[in-house]
Structures are given as structure tokens and as C-alpha cells.
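What follows is a short report on a single structure.
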Amino acid sequence: MSGRQRGAATFDFSAAMSRLCADVTDRVDELLHVDMAHVAVSFAQTRRRVLHGLQAKLTPMRFEGGALTTQRNGRLWTCQRLVHDGREMLYILTFYLPRFLDQPFHEKLTTVTHELLHVNPRFDGDLRRFGGRCYMHSPRQKEFDRQAADLARKYLASGPPAELYDFLRCDFRGLLRRHGAVVGLQVPIPKLIPVPDSRTA
């Protein structure tokens, strides 16, 4: 597994996942608001080869309501900006390998729709928010998970080209045997930066 290396025998996970996500968001009505041209798809390497744990996460590049700044402890903060291929990214979609690839096929596809469902319908760099303390999944997380699973089934029922998602039928070792190496984009988690001269008394 590698970061940005390229070669004839390698499998570019980020490129393959970006193509899949673009097709998902073109075919599934509930995800039409997602513009993958402004979503950086990356991977992070897990320390241990275990199935349990975080599979993927969506990192927003804006604050609530798409704001560029937020106030914490009496001071304004902003987030590092990310430009990739000449475009500013509004989200970072990170998959944890090999853990993600070692899941069953339908769970992997559901993870993809789950993370895309977190994108705010306004596509403003913020997450989809629900009322109350559980603003990411709503008070009924099982309902959110069920919706993500339904969207995955809806995508497959639309008849997408199998070559877009067939790589998800392989586990990590299977992709290694087939391609020799799994590579992709690795993006550090953006840091919060204090806005100069913004501290209040």
C-alpha cells in the first residue's frame, strides 16, 4: 500500500472510488446534490488488521451553515483550505484501509452511501444536520443506517456498469494479488487556524 506512487501494476483506490461515487451521485436522487468534483477521496492506513472500527469518514471543510469561520473560546477560527487538481475541496472522504476493503460487499457499498448522505443538501461544505444533540445521524441512527442501506440497493437496482463497483467485491489482499499494489491520495486532517486579531475580551 502506498500514497501517491503510480505504476502499470497498481490499483488507484482514490480514482476508482471517485468514479464510483460520481456514478452513485448521478443515479440516486437523494444524492444528486453531491458534486464529486469538490470532494477529495483519500485513504488512511489502519494500524491493525481488524474488521471492527471506523470504516470511513466525511470531513467538512466549512462550519455550520457553510461559514468560513467559527467562534470558540472567544476567538474566531477558520479551517485550512484544500485545493486539489486546481479546485477547492469542500469535503474530504476518507476510507480506512485495509479495514474498509475487508468488509462484505454490501456493507462496503452501504458505507459509501452512508458517508455521501452526510453531505449537506446545500453542498456548502457543512454536514447534513439534524436537530438535537445527535445532529449527525439524527436521534434515530438506525433509521439513518437503514436509509443508507436502501440507497445502496437503489443504486444497484439502477443497473450501473459492473466495472465501476467490482473492485468492492475484492478484499484488500485480493486487490493486491490482482494489481500488485494499492495506491491513492492521502490527505492530512485539516487544522483549525486562529483568525488574526479576532480575540474578544
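Derivation of every value follows stated rules applied to the coordinates shown; laboratory data play no part. None of the values given here were measured: they were computed from a predicted structure. Cβ atoms come from the backbone with ideal geometry, glycine included; neighbour counts cover every protein chain shown.
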Fraction of antiparallel bridges per DSSP, the chain only, in percent to nearest 5:
60 percent
How high is the relative contact order of the chain, in percent, with contacts defined as C-alpha pairs under 8 Å that are six or more residues apart?
35 percent
In debye, nearest 20: dipole of the chain around its Cα centre with unit charges on the Cβ of K, R (+) and D, E (-)?
800 debye
Taking other Cβ within 10 Å of each residue's Cβ, how do 110, 70 sort, fewest first?
70, 110
Qualifying lysines (Cα of each under 21 Å from Cα of residue 142; at least 8 residues distant if same chain):
57, 108, 154
Three principal axis extents, largest first, for the C-alpha atoms of the chain, in Å?
60, 37, 33
For the chain, set up a GNM with springs between Cα atoms under 10 Å and report which of 99, 27, 72 has the largest fluctuation.
72
Rounded tilt (10° steps) of 13-27 against the dominant C-alpha axis of the chain
80 degrees
